[in-house]
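Laboratory data are not the source of any read-out in this text; all were calculated from the coordinates shown. Keep in mind it's a predicted model, so treat the numbers as computed, not measured. Cβ placement follows ideal geometry from the backbone for every residue including glycine, while neighbour counts extend to all protein chains displayed.
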Amino acid sequence: IFTYDVACIYGVNLRKRFGSRYPHLVPLLDRMQLLLPKLHALAHKEICQIVLALCYTWGAGLSHGESVEHPWAEHNQVGLSTREMGSGHRHDALNMIHNYWNWCKM
């Protein structure tokens, strides 16, 4: 399951785009479902809301499809404190922040 704000538009030419740039990944598209995250669903046409709805998709459970956006507020703050660091130190600091975020989700 892959959720994206504009899944209905993005999915139209997805196979063609992958075929031209990443032909070895095209078989994965058959196993992947493009769906709308719940927060963005109401901005779409009714047919998109029904066909691409997480709540009607087997295996989606009660997912809302927006989990990837949760840490952005914290990561934006981290950017302020790491932008003056050298690349190695910044990489280490960002790794620690991401590891901490993953630990908190458990």
Problem - Computed helical MRE - 222 nm, the chain, DSSP H runs ≥ 4 contributing -39500 (n - 2.57), nearest 500 - result: -14000 deg cm²/dmol
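Order these peptides, 85-92, 99-106, 51-58, by their mean beta-carbon neighbour count within 10 angstrom, highest first. Walk me through the numbers on the way to the answer.
Details: 85-92: 11.0, 99-106: 9.2, 51-58: 14.6.
In decreasing order of mean packing, 85-92, 99-106, 51-58 become 51-58, 85-92, 99-106.
So if I place +1 on the C-beta of Lys and Arg and -1 on the C-beta of Asp and Glu, and nothing else carries charge, what would the dipole magnitude of the chain be about its Cα centre? I want it in debye, nearest 20.
On the way: 10 positive and 8 negative charges, 87 e Å.
Magnitude of the dipole: close to 420 debye.
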Practice task
Hey, can you grab everything whose amide H is under 5 Å from the amide H of Leu35? Only 5+ residues off in sequence or another chain; H modelled, so Pro and N-termini drop out.
Solution key: Phe2, Thr3, Tyr4
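For the chain, just say rounded, prolate or oblate: build the C-alpha gyration tensor, square-root its eigenvalues into a ≥ b ≥ c, call rounded for a/c under 1.5, and beyond that prolate if a/b exceeds b/c, oblate if not.
Working: a/c = 2.35, a/b = 1.63, b/c = 1.45.
Prolate is the answer for the chain, as a/c is 1.5 or above and a/b outweighs b/c.
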